[in-house]
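What follows is a set of notes on a single structure, which appears directly below.
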Amino acid sequence: MSISPRFLQELRDRLTLSDVIGKRIKLTRAGREYKGCCPFHREKTPSFYVNDEKQFFHCFGCGAHGDALGFVTRHDNLSFIEGVEALAAQAGMQVPKSTPQDIEHAQKEKGLHALCEDAGRWFENQLHDPKNREVLSYVTGRGVGHDIIDAFRLGYA
Ligand code: ZN
């Protein structure tokens, strides 16, 4: 199953990163950021920072860095999809799933693209066929050069 980048961005935008992380570790406000003890290495003085505006966390102790999804997958030991689902649940969003109809539609579309490609190539070949030499010389005679013919994939019927 693939998740669209647009959905992931919407998920990030809907959630406040400090809420997501604050549910799992204790954070205190530090200016425009939040700080806490890093869950990814042992420490007594906080060097773990959360920036809601930039939507990422950073640890100056161990270099851990990432967004909400990166945090939950690592902290809760989840797969990518499980992490997306956990965040979507918190944001009150539905993870879009591909239905059998979506898959069938995509396959049909792929078939039509291939068909158009075949047809297009046939017309292109017609234009370059020696038996249609007159047509090609008419076209080039009108100032349509081979670069344009190739670029627009001109053909003849
Ligand atoms: Zn750390």
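The values are calculated or read from the model by the stated rules, or taken from the named source; none is laboratory data. Here the structure is a predicted model, which means the values were calculated and not measured. Cβ atoms come from the backbone with ideal geometry, glycine included; neighbour counts cover every protein chain shown. With ligands, DNA and RNA removed, areas are computed over all heavy atoms of the protein, side chains included. Shrake-Rupley method; radii C 1.70, N 1.55, O 1.52, S 1.80 Å.
Straight Cα distances below 17 angstrom link Lys44 to the lysines Lys26, Lys35, with same-chain residues fewer than 8 positions distant left out.
Determine Rg/Rh for the chain; Rg is computed over alpha-carbon atoms and Rh is the Kirkwood hydrodynamic estimate from the same atoms. Walk me through the intermediate numbers first.
On the way: Rg = 27.9 Å, Rh = 20.4 Å.
Rg divided by Rh gives 1.37.
Note on Ile81 and Arg29: the model spin-label points, each 7 Å out from Cα along the C-beta direction, lie 4.1 nm apart.
Within the chain, what's the longest stretch lacking trypsin sites (Lys or Arg not before Pro) that sit in DSSP loops with no more than 16 other Cβ atoms inside 10 Å? It works out to 98-141.
Please give the FRET efficiency for Thr140 paired with Gln107, using the beta carbon to beta carbon distance and R0 = 35 Å, rounded to the nearest 0.05. Working shown, then result.
Details: r = 40 Å, r/R0 = 1.15.
Calculated transfer efficiency: 0.30.
From the alpha carbon centroid of region 66-107 to that of region 110-132 is 41 Å.
Can you name the helices of the chain, as whole DSSP H runs, whose Cα span along the helix axis is 15 Å or more and whose Kyte-Doolittle mean is not below 0.0?
Numbers: long enough: 80-91 (16 Å, 0.97); 100-128 (43 Å, -1.16).
Counting only whole DSSP H runs, the qualifying helices are 80-91.
Solvent-accessible surface of the chain, averaged per residue with a 1.4 angstrom probe and all protein chains in place: 69 square angstrom. Other residues within the sphere of radius under 11 Å centred on the Cβ of Gly83, judged by their own Cβ, net out at -3 (K and R +1, D and E -1).
With runs of 4+ DSSP H residues as the only contributors, calculate the mean residue ellipticity of the chain at 222 nm using -39,500 (n - 2.57) per run, divided by the residue total and rounded to the nearest 500. Write out the running numbers ahead of the final one.
Numbers: 7 runs with 80 residues, N = 157.
About -15500 deg cm²/dmol.
May I ask you to compute the full-extension gain from Arg153 to Phe60, defined as 0.36 nm times their residue separation minus their alpha-carbon distance, rounded to one decimal in nm?
Values: separation 93, 0.36 × 93 = 33.48 nm, distance 5.55 nm.
Length gained between Arg153 and Phe60: 27.9 nm.
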